[in-house]
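Structure first, then comments.
The values are calculated or read from the model by the stated rules, or taken from the named source; none is laboratory data. Bear in mind the structure is a predicted one, so any value in this text is a computation, not a measurement. We place every Cβ from the backbone using ideal geometry, glycine too, and count neighbours over all the protein chains shown. For the accessible areas, the whole protein counts, side chains as well, though only heavy atoms, and no ligand, DNA or RNA atoms are used. Shrake-Rupley method; radii C 1.70, N 1.55, O 1.52, S 1.80 Å.
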Amino acid sequence: MARDGDTQQPTREFPEYPTSESLHDRAEYQPDPQPGVPAPGGGGGPRGLLWVLGAAALAVVVLLGVQATNLLPDFRNPFAKEQTDRSQPPLLKSIRDLSRYVAAEGNFQVVVDVQKDRRNVPDFLLNERTLFVGAGRVEAYVDFAKIGDGAVVVSDDGKSVEIKLPAPQLGETDLDMDKSYVFAEERGLINRLNDLVAGDPNRQQQIYKLAEDRITSAARDSGLTDRAQENTRKMLEGLLRSLGYQKVTVTYTAP
């Protein structure tokens, strides 16, 4: 049995439960702040925040200054686009001496409108139409390499000369891709599906070839060769008269 003097004492096995009075005493108790340690709930919080912001600003200023003086390498985007050129060096295939005189040049523009479809099939299913604007140039030249023996006849007194030249020719049409473009293009549903499955890499080449043929035909009908004859004649007359010939006659053989 417990003694009378121990009736108000807690047992050794169980700690003493806090009462409302003890909790109130703990709430009012504030320990004395130690030197160098800010008191809780005092003005140390805002002051510490100011110190942190000042240190961060100082670090930014130092970093910008170091970068401005090029002491650190530039920071580059790790995901920046890169282009690698693996092209082979140009290979010389052949050299050809040119002996033709370009006497005239014509610049042409043609509009090619080509459509391919099927009878009794709606255009939205099967249709291929391309509107292409092509720009190109054609040269008219005289091939001096075809001048044979006896083509140049000088008079006995050395005052006149007669020259027989081959007829001017038209060069190949040079399609200018910088000035040529597809103005409009219509493709049916089946055509688009076919492009996704197989495709036709020569489809555009066919349009280019057709534009070149149209320009070549227009150059033949433009009188470009007649202009080349006249320009060549004037050039030779000026050149030979500067050499002392008083009369210069230029004729052309049949093409």
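In the condition set (1) over 30 Å from residue 219 (Cβ atoms); (2) at pLDDT 85 or above; (3) polar (S, T, N, Q), residue 69 is compliant with all but (2). The residue of region 180-192 that is farthest from the chain's Cα centre (by Cα), among those that are at pLDDT 70 or above and either over 30 Å from residue 223 (Cβ atoms) or assigned to a strand (DSSP E or B) (or both), is 189.
Restricted to region 103-131, and to residues there that are modelled with pLDDT of 85 or more and either assigned to a loop (DSSP other than H, G, I, E, B) or over 16 Å from residue 216 (Cβ atoms) (or both), the residue that is most open to solvent (accessible area, probe 1.4 Å) is 113. Within region 134-144, does at least one residue satisfy the condition of being surrounded by 12 or more Cβ atoms within 10 Å (Cβ to Cβ) and modelled with pLDDT under 90? Yes: region 134-144 contains one or more residues that are surrounded by 12 or more Cβ atoms within 10 Å (Cβ to Cβ) and modelled with pLDDT under 90.
Conditions tested, residue by residue: (1) modelled with pLDDT of 90 or more; (2) small (Gly, Ala, Ser).
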{"position": "146", "(1), (2)": "no, no"}
{"position": "151", "(1), (2)": "no, yes"}
{"position": "178", "(1), (2)": "yes, no"}
{"position": "213", "(1), (2)": "yes, no"}
{"position": "230", "(1), (2)": "yes, no"}
{"position": "236", "(1), (2)": "yes, no"}
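How many residues does region 218-230 hold that are of a type outside the set (D, E, K, R) and open to solvent by 50 Å² or more (accessible area, probe 1.4 Å)?
From region 218-230, those of a type outside the set (D, E, K, R) are 218-219, 222-225, 228-229; that's our starting set.
Pick out the ones that are also open to solvent by 50 Å² or more (accessible area, probe 1.4 Å) and you get 222, 229.
Number satisfying all stated conditions: 2.
Could you go through region 148-159 and let me know if any residue there is open to solvent by 30 Å² or more (accessible area, probe 1.4 Å) and at positive phi. Talk me through it step by step, then tell me what you get.
Looking only at region 148-159, we keep the residues that are open to solvent by 30 Å² or more (accessible area, probe 1.4 Å), and these are 148-150, 152-159.
In the following step, the residues that additionally are at positive phi were identified as 150, 158.
Among the residues of region 148-159, at least one is open to solvent by 30 Å² or more (accessible area, probe 1.4 Å) and at positive phi, which makes the answer yes.
Note on region 160-179: among residues that are of a type in the set (A, V, I, L, M, F, W, C) and surrounded by 15 or more Cβ atoms within 10 Å (Cβ to Cβ), the one that is nearest to the chain's Cα centre (by Cα) is 175.
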